[in-house]
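Notes follow once the structure below has been shown.
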């Protein structure tokens, strides 16, 4: 048998390639499939709002500013306009198309419409106002004044007056 001096060098080269190949596969290189990256942690923490966040404002009678309508207990149609004055008081302009206080015919029919006006002060959701009344008949004449409390229900966006009439906001 003849001895080939190149043969041991081939064995050494083959062994080196085998070691290099194994080293690469252990380190994640060399074509071996890589492990998927770790998943980010699931956030189950619910953020708590900062304590310095202001609470929403409490409702007030100022939320009732605007135009309203109702049917009076005598069946007449009524409207009011509520405005807030610069001094914090509220003005009421009230129209009743058939005001019982202005007179009835002998058969009980309402004779005259009326306008009522006044200014009042609100406490919380209630407005106390004294209204002067003008009856509009053949000749205008005054009646009253009458004291009325209007109470605003913020949740329902309605007003109830002191005789129990419910008012709804006009669009």
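In table form, for the structure just shown:
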| item | result |
| --- | --- |
| Condition met for residue 158 (crowded, with 16+ Cβ neighbours inside 10 Å and closer than 20 Å to residue 75 by Cα) | yes |
| Which numbered condition residue 90 fails, given (1) within 26 Å of the chain's Cα centre (by Cα); (2) surrounded by fewer than 16 Cβ atoms within 10 Å (Cβ to Cβ); (3) free of Cβ contacts under 8 Å to residues at least 40 places away in the same chain | (2) |
| Lone unmet requirement of (1) modelled with pLDDT under 95; (2) over 21 Å from residue 77 (Cα atoms) for residue 144 | (2) |
| Residue among 74, 96, 52 that alone is within 30 Å of residue 110 (Cα to Cα) and modelled with pLDDT under 95 | 74 |
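The values are calculated or read from the model by the stated rules, or taken from the named source; none is laboratory data. These numbers come from a predicted model, not from an experiment. No Cβ is skipped: glycine too gets one built from the backbone with ideal geometry, and neighbour counts run over all protein chains shown.
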